[in-house]
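Input: a single structure, listed below in structure tokens.
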Amino acid sequence: MANKKKSLNSIFLDANVIVKVLDGFEVPELFEFADTSEIYTSAVCFNIIAYLWEIGKIDCSKDEFNKFFASITLLEVGEYECFQALEISNYKDIEDGIQILCAQNNSMDMLLTYDKKMFTKYHNNGSLQMILCK
Amino acid sequence: MLTKTITAKALRSNLREVIMDIDTNNTDYILEYVKGLKVKISPIRDLEKKSKFGNYLKTRKFKSSKNSKNYTNDELRKIAYGQ
């Protein structure tokens, strides 16, 4: 049997995980997969993180901020994700629904989050594996 | 009809599901599905990019996350939007 080349995992990071990394804290669930994965987040996550950083709520230098975002890929959020999010979220925590759809539509293997409510609501939704960081 | 933007990779796996879902060669069904899609190419699986992330983690010193705050998305929004 021929050896099949193992493809890299695609990991989508929720905003709360990125805040933790930028603040300089370990995220063991992410670090475990780092060498075998490509890391992604959405433009919507970037939006909130950039604002939190700008108002001084995230403790990292401009250099660290740039280095982090240069090492991951930002995924677009469009009309489909926005309108479908209304439905799958049942009009509650719509932004969480947008993240889930963005990850699913870009064929992510995993989504990492610290948000228990989001995890509980969506962890059985489709093929996307969700990991609740501790 | 709402246009769905989908990556080429996701289209491939979704089409497989669509085709497995029907038991005839109903190409109209497949065409109808594809017609509503805008296909975009997935970001290139860039090994250098992956190693950049690995390097980022290796070059930065991290503190133990024990006793650090785990934000929920609601909390982040409250901080950002001041609600």
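Every read-out reported here was derived from the displayed coordinates using simple, explicitly stated rules and does not represent laboratory data. Note that this is a predicted model, so its numbers are computed, not measured. Cβ coordinates were reconstructed from backbone atoms using ideal geometry, including for glycine residues, and neighbour counts include every protein chain displayed.
According to the calculation over all Cα-Cα pairs in segment A:9-132, the P(r) per 10 Å bin from zero is 13, 47, 33, 7 %. Dipole of chain A computed with +1 at Lys/Arg Cβ and -1 at Asp/Glu Cβ about the Cα centre; of A:85, A:128, A:99, farthest Cα towards the positive end is A:128. Sorting A:59, A:96 by the number of Cβ atoms found within 10 Å of their own Cβ, with the fewest placed first, yields A:59, A:96. Projecting the Cα atoms of A:110, A:66, A:49 onto the charge dipole of segment A:48-134 (Cβ charges, centred on the Cα centre) puts A:110 farthest toward the positive pole.
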